[in-house]
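The values are calculated or read from the model by the stated rules, or taken from the named source; none is laboratory data. What you are looking at is a predicted structure, and each value in this text was computed from that prediction instead of being measured. Positions of Cβ are generated from backbone atoms using ideal geometry, with glycine treated the same way; all protein chains shown enter the neighbour counts.
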Amino acid sequence: MSEKKPGTSADATSKKGNDLFLSMPFTTLTNESFLALFNYASIGILITNAQGEIQMANRYISQQFGYEQDELIGQKVEILIPPRYAERHESHRSRYSGNPHSRPMGLGMELAGMRKDGAEFPVEVSLGHYKIGEDNYSLAFINDITQRKETEQAIIKLNAHLEQKVKEGSQSLAITVEQLGSQIKETERKDAELERVNNFLNNIWNHAGAIIFVTDIEGTIQFFNPAAEKWLEYAASEIIGKKNLTSFHRTDELNAKAVALTELTGKNVNPDFSIFRLLAESGQGNNQEWHYVRKNGTTFFVSLNITSLKDSYGEVSGYLGIAIDISEKKQAETELRTALEKEKELNELKSRFVSMASHEFRTPLSAVLSSAYLLSRYAKTEEQPQREKHIQRIVSSVTSLTEILNDFLSVGKIEEGNIQANIREYDLAVQLKEVLQEVNHLLKPDQKIDYTHNGTTSIVHLDSSMIRHIVINLLSNAVKFSGEGTTVQLVTTISAGKLTLYVQDQGLGIPEDDIQNLYKRFFRSSNVTNIQGTGLGLHIVKKYTELMNGTIDCNSKLGEGTRFTITFDSE
């Protein structure tokens, strides 16, 4: 297979037969630029062979792990892993060598590296692979481990050394053929080493599982690796020299970051490439989380590392960026937060239940106990009216307890998402007449409930169980909060395929400030705190109404009464 190398023609072939440049959009990049790309990265880079032996490590890794330059070369990669993980890592590496593929590593778990002195620190790793001839190599990006190598300086010294040798050779006629041959061999060896380094760098560029790009000082993209093409869905030809790095970022995030940096630095920062220039030059360009925007407009989370590139004069000539997809990690964090919030809500529900139960159960239970005791005292036939009175108190108290328990069970099912509307056809008027009989025992002296149905039919398509619960709850509240001798109106109307149901009382009314909170769990209006209740009824009514695609509305005036109106599609 043919390959393209920097500084050679497109027809040149590699000694190792590996097509290194065909997939690259930048065939004119110099050896020095490739080495700078490797050594300037603010992220650690390791290259290992199939046996897990380290073939190449950038300076960032050596310094972070506390080793001398090149001390890691030839060592097993497990030297960088705490002993308790090393054996397991060897089995993971063996399986990976059998089926190599680029993939992120470490999502959802903590990875650790071990320095030479035995100290551990957290790392995040992304893997890639490539092949030269029959040899397999693995690429590892280790986040937060970077430092420039002295490769560029070494190349300058090497060139100066070669020039000096050539100069000395031209000035000295005493150099023997054997010495000249030795110099040629040394030069070829060094050239081969440079070629090997370039091959490694090319494979990093082409096979890395991370987005890698290079910009000029204004942020215009100059180089764009294949992973960037894949993730952002742009061809390199659409990007290089045409688009700014900011075109991949959401405007709202750029604006927010500009405001934050302006407050932090005390200087005005515009929402453009100035953000990334400032982050890179202040050393804060690591692990910045952003949304990247694909060509089709969809977005995904990345962790971006951006650093300055400098020329031989020490002047900034551009910027190197490496972005790793962290969408799955962010999704896991979101799901965890949601689960924690849900757990907090459930714990709150349990706490409120215990508190409410201890209060609301005490009164009816006391009534049951006292009435049961008094019943035992009325043994004569003529004392039957007294017995009936206490039996009714017991029935009423037990009914109250049952309603409270049913409310808590309903709330629990709603919160767990275990309730669905069972829509069927039935006669609403017949059902509501039965409901009136069920709530009749709640009426105070001289109270009554008037039921009216309007329309040519009373047939509806709804969940009869939910409608029963809704009406019983609304009627119970209307009776509870209205005085003796008052009338509660229950009216249903079917017209033009719509069912309208309302309950009107002549009770206390609801303060205007409380109406917006009526349907919250455990909420009770400020003017009824001395009246027994759990604060769950209207919450359940609203949830049941919504499950049947209905709407609920409340109108109330203090001292005049309250009307709850519910509307459904009845067909």
Of the residues in region 46-85 that are among the β-branched types (V, I, T) and crowded, with 18+ Cβ neighbours inside 10 Å, the one that is nearest to N99 (Cα to Cα) is T48
Index of the failed condition, G559 passing every other in (1) modelled with pLDDT of 75 or more; (2) surrounded by 20 or more Cβ atoms within 10 Å (Cβ to Cβ)
(2)
It is to be established whether one or more residues within region 486-505 are at pLDDT below 90 and acidic (D, E).
no
Name every residue in region 280-294 that is at pLDDT 90 or above and either more than 18 Å from A210 (Cα to Cα) or of a type in the set (K, R) (or both), in order of residue number.
R294
Inspect region 476-484 for any residue being in contact (Cβ under 8 Å) with a residue 12 or more places away in the chain and under 24 Å from N549 (Cβ atoms) and give the result as yes or no.
yes
Please go through (1) surrounded by 12 or more Cβ atoms within 10 Å (Cβ to Cβ); (2) among the basic types (K, R); (3) at pLDDT 90 or above for R424 and return the number of the only condition it doesn't satisfy.
(1)
N287 versus (1) at negative phi; (2) in contact with a strand residue (DSSP E or B) (Cβ under 9 Å, 6 or more places away or on another chain): which is the lone unmet condition?
(1)
May I ask you to list pairs of residues, at least six apart or on different chains, whose Cβ atoms are under 8 Å apart, with the first in region 82-96 being closer than 11 Å to Q51 by Cα and the second being part of a helix (DSSP H, G or I)?
E90/E78; R93/V77
Filtering region 233-246 down to residues that are farther than 22 Å from S274 by Cα and in contact (Cβ under 8 Å) with a residue 60 or more places away in the chain yields E233, Y234, A236, S237
May I ask you to list the residues in region 506-541 that are in a helix (DSSP H, G or I), at pLDDT below 80 and not charged (D, E, K, R)?
I515, G537
Could you give me the residue pairs with C-beta distances under 6 Å whose first residue belongs to region 549-564 and is in a loop (DSSP other than H, G, I, E, B), whose second residue is hydrophobic (A, V, I, L, M, F, W, C) and surrounded by 14 or more Cβ atoms within 10 Å (Cβ to Cβ) wherever it lies, and which are 6+ apart or on separate chains?
G550/I566; G550/F568
Kindly indicate the residue of region 234-275 that is part of a helix (DSSP H, G or I) and within 16 Å of F224 (Cβ to Cβ) and also farthest from the chain's Cα centre (by Cα) among those meeting that condition.
S237
Enumerated strands (runs of 3 or more DSSP E) restricted to region 433-501, each holding at least 1 residues that are crowded, with 20+ Cβ neighbours inside 10 Å and among the hydroxyl-bearing types (S, T, Y):
487-495
If you check every pair at least six apart or on different chains, which have Cβ atoms under 7 Å apart with a residue in region 299-323 that is touching a residue at least 24 places away in the same chain (Cβ under 8 Å) and under 13 Å from V214 (Cβ atoms) first and a residue that is β-branched (V, I, T) and outside any strand (DSSP E or B) second?
V316/I217; S317/I217; G318/I217
Boolean, H390 is of a type outside the set (D, E, K, R), modelled with pLDDT under 85, more than 30 Å from L254 (Cα to Cα) and loosely packed, with under 12 Cβ neighbours inside 10 Å
no
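Starting from residues that are among the polar types (S, T, N, Q), surrounded by fewer than 20 Cβ atoms within 10 Å (Cβ to Cβ) and not in a helix (DSSP H, G or I), keep the ones in region 304-333 and report whichever is modelled with the lowest pLDDT. First the steps, then the outcome.
Initially, region 304-333 is screened for residues among the polar types (S, T, N, Q), giving 305, 307-308, 312, 317, 327, 331.
Add one more test, that the residue is surrounded by fewer than 20 Cβ atoms within 10 Å (Cβ to Cβ), and what stays is 308, 312, 317, 327, 331.
Filter again for not in a helix (DSSP H, G or I), leaving 308, 312, 317.
Details: S308: 89, S312: 82, S317: 90.
Taking the candidates together, the pick is S312.
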